[in-house]
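Taken together, the values in this text are just the output of simple stated rules run on the coordinates, not laboratory data. As the structure is a prediction and not an experimental result, all values here were calculated from the model. Every residue, glycine as well, gets a Cβ built from its backbone with ideal geometry; the counts of neighbours run over all protein chains shown.
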Amino acid sequence: MITVSEPHNEQKVLMENIQPNNIEQDNITSKTRIKKEMHALQKIGERLIGLNSNQLREFCLPDTLFEAIIQAKQIKKNGARRRQIQYIGKLIREIEITKIKEKLSTWDGISTQHTAWIYQIERWRKNLLKDENALAEFTQQYPEANLQRIKTLIRNTHKEIIYNKPPKNFRALFHELQISIPKITNQDNMEID
């Protein structure tokens, strides 16, 4: 009987040791989650610091938060700036941030779309200068483009390259392609999906 009760007691001791560890693990996880959320709020604060005053006014921020962001823009020392960002993160915790996140992501989307449009224009310019068949493809895709002007700019750009002249027509070709290729909008993305 003594041998049976000892393992039973050992199991009881093991179970008691396991349960507090699980509770501690849950506390560590929640502390970690809280820290991650705080860092995310601080990153939003850093993004807000990067905006100009007019953009900040679009968010309708509380006065204390707005003033803290303005002060953070003036701080140059890293330690003081870090503390100010932490303070901004604390202030952001007290307000509803979904609208702020939505507006920032909208602005990011517009920027991403504009960058994609510029890259598309750059690819077309590169292809038009390299490949003679690219003009036919461009004509099919953008029939409203001023093809005569584009042909002239392509020819003049080749001459600039040969004679090692400044890239005046190279830039003009890019500008003409900007006029010919429509900007990518959210509605265009919806149609593609």
For the range 69-83, 3J(HN,Hα) per residue [Karplus equation, 6.51 cos²θ - 1.76 cosθ + 1.60, θ = phi - 60°, Hz, x = Gly/Pro]: 5, 4, 5, 5, 5, 8, 7, 10, 6, 4, x, 5, 5, 4, 5
Loop-located GluC sites (Glu not before Pro) in the range 61-113 whose Cβ has at most 11 other Cβ within 10 Å (DSSP): GLU94, GLU96
At R0 = 35 Å, FRET efficiency that the Cβ-Cβ distance of LEU51 and LYS130 yields, to 0.05: 0.30
Listed pairs LYS31/LYS73; LYS35/LYS76; LYS73/LYS99 exceeding 27 Å between Cα atoms: LYS31/LYS73
Given charges at beta-carbon only (K, R positive; D, E negative), |dipole| of the range 28-177 in Debye: 840
Where only C-alpha atoms are counted, convex hull volume of the range 118-190 per residue in Å³: 88
Computed over the range 68-193, Kirkwood Rh from alpha-carbon pairs, angstrom: 18.5
